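A quick write-up on the structure given underneath.
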Amino acid sequence: MGIGKRIKEARENLGLTQSELACLVGVTGSAITNYEKETSHPKETVMYRLFEALEVDANYLFQDVANIPDNTANITLFEFDRIKKYRRLDNYGKRIVDLLLDEEYRRCIETAPSVTDISVYEDTENPQPVISKRSPDLSLPQEDLTAIKKTLEQPRIKKA
């Protein structure tokens, strides 16, 4: 997904038409169409207005252009917002979130059906599918899990 598709996705998530977005950034509706089709690209000044009007930052619009793996091409604005918040956490906060995420991931994987990969190895004369089960490495050190549970059980102190 390129920048044009990201512009379109962000516009649609806000419920804006191309004409409405065009008015907000000071270009024509056909210019927005061209940006979304990647027939043309916005100038720098228009790009800044797009960030503001679409309520996104440059990282969001350019993420797929910067060689981000294909499996992240369908990230939602909600998920993107979570990533921005995660990046603002200090190391302790990131550690807490990581521990909780790992534990929840493990819980969900354990209750989900097993994952099967099907790979096709092409032999020019006889291509054969090879089916293999894979189990993710979900090892979480027990001391880390115990520490996070203790932290979460501590009473919260409200600021006055």
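Computed from the coordinates by the stated procedures, all read-outs in this text should not be read as laboratory data. All of these numbers come straight from a predicted model, not from anything done at the bench. So basically every Cβ, Gly included, is an ideal-geometry build from the backbone, and we count neighbours across all protein chains shown.
Work out the FRET efficiency for LYS94 and LYS150 from their Cβ-Cβ distance, taking R0 = 25 Å, and round it to the nearest 0.05.
Numbers: r = 18 Å, r/R0 = 0.72.
For R0 = 25 Å, the calculated efficiency reads 0.90.
If you build the Cα gyration tensor of region 16-60 and take the root of 5 times each eigenvalue, what three semi-axes come out, in whole angstrom, biggest first? Show your work: numbers first, answer last.
Details: eigenvalues 43, 30, 18 Å².
For region 16-60, the semi-axes come out at 15, 12, 9 Å.
Net charge near PHE51, counting Lys/Arg +1 and Asp/Glu -1 over other residues with Cβ under 12 Å of its Cβ?
Summing Lys/Arg as +1 and Asp/Glu as -1 gives -2.
Toward the positive end of the charge dipole of region 3-82, about the Cα centre and with charges on Cβ (Lys, Arg +1; Asp, Glu -1), which of ILE7, THR39, ALA53 goes farthest?
Checking the options against the dipole of region 3-82, the answer is THR39.
Spelling out what I want: for every residue of region 4-9, take phi, set θ = phi - 60°, compute 6.51 cos²θ - 1.76 cosθ + 1.60 (Karplus), and round to whole Hz; glycine and proline get x.
Running phi through 6.51 cos²θ - 1.76 cosθ + 1.60 with θ = phi - 60° gives x, 5, 5, 4, 4, 4 Hz.
Listed highest first by mean packing, meaning other Cβ atoms within 10 Å per residue, what order do 78-90, 23-35, 42-54 come in? Spell out each step's value before the answer.
Numbers: 78-90: 11.3, 23-35: 17.1, 42-54: 15.5.
Per-residue Cβ counts within 10 Å, averaged per peptide and sorted highest first, yield 23-35, 42-54, 78-90.
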